Amino acid sequence: MSSGRGLLLIADIGGYTDYMGSHRMSLAHAEVNTGRLLEAVIDAAPGLELIEIEGDAAFLYRQVDPKAPDALVDEVVRTAAAMYQAFHLEREYVAKNLCPCAGCKQTANLTLKFVAHVGDIATQTIRQRLKLVGIDVILVHRLLKNPVTVREYVLLSEDLYGTGSSVLDGSAHEIEADAEGIGRVRAFYVDVTELDAPVPPPTALTWRGRLGRTAYAAGAGMPYMLGLRRRRRDLATAIG
């Protein structure tokens, strides 16, 4: 086990619970579509390492040089903007397939929020998988429950915000959150839609392209329909 400073980022899909319908096909397609969205989000952050898929969220990390932390806020904001853009582009493509089930058509209702923190962590490898431990790992997860009212946002812990916030130019809003087991903590958030990362219009899908995406959802969703694969939310609950 080794220790050091780390940048922690959670990208969390909002509206997931309401999105999951009761019909088996809708559930299966919702799992497939959520997977595609998470893949797009993760691919948009090549500078961060994926630690875990936690139900409908991706937990990412990178080591930080404690002697040069000044650009962390700028990095988080740029990364979140890129992930947000990738998420919404993929969301548009998914929602335009030809399947009429709720798991496909209601994809357009999903949102994306981010929570980020910098702190001291310990790393260990278990069965060739990197694991992070420490109070700061707990804190970034606790910050997912907060009083922010905007639908899509980037929330920065006080420790992270204090490393420098030039890119936000005073636009961040301060909040106080009750972190279970830790206490009251300060944090700062910005509406992701206000960042300088407009989502370009998606490329128009041809009929063949829409048919291909429909076939993919149907084929990839079959294991979920047959009970051969477990839902991400159920699997995360069983593990955690």
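The values are calculated or read from the model by the stated rules, or taken from the named source; none is laboratory data. A quick note: this is a predicted structure, and the numbers were derived from the prediction, not measured. Cβ placement follows ideal geometry from the backbone for every residue including glycine, while neighbour counts extend to all protein chains displayed. The protein model used for the area step is the full one, side chains on, heavy atoms only, and it has no ligands, DNA or RNA in it. Shrake-Rupley method; radii C 1.70, N 1.55, O 1.52, S 1.80 Å.
Any idea what the dipole of the stretch 32-146 comes to, in debye rounded to 20, about its Cα centre with Lys/Arg Cβ at +1 and Asp/Glu Cβ at -1?
380
Please list, ordered by chain and number, the residues whose modelled amide H lies under 5 Å from the amide H of Ala179; skip anything fewer than 5 residues away on the same chain.
When sequence neighbours closer than 5 places are left aside, the close amide H contacts are Arg184, Val185.
Determine the gain in length on full extension of the stretch Ala122-Asp74; use 0.36 nm per residue of separation and subtract their C-alpha separation, reporting nm with one decimal.
Full-extension gain reported as 14.8 nm.
Mind listing the phi-derived Karplus ³J(HN,Hα) values for the stretch 79-84, rounded to whole Hz, using 6.51, -1.76 and 1.60 with θ = phi - 60°, and x for any glycine or proline?
Calculated HN-Hα couplings, in order: 5, 4, 5, 5, 5, 4 Hz.
With every protein chain kept in the model, how would you rank Lys145, Lys113, Lys105 by accessible area, 1.4 Å probe, largest at the top?
Sorted by accessible area, descending: Lys145, Lys105, Lys113.
Given the peptides 47-57, 127-137, arrange them by the average over their residues of other C-beta atoms within 10 Å, most packed first.
My ranking of the peptides, most packed first, is 47-57, 127-137.
Work out how much length Ser2 to Glu180 would gain on full extension: take 0.36 nm times their residue separation and subtract the Cα-Cα distance, in nm to one decimal.
Full-extension gain reported as 61.5 nm.
What's the extension gain from Gln63 to Leu130 if we count 0.36 nm per residue and subtract their Cα-Cα distance?
22.9 nm
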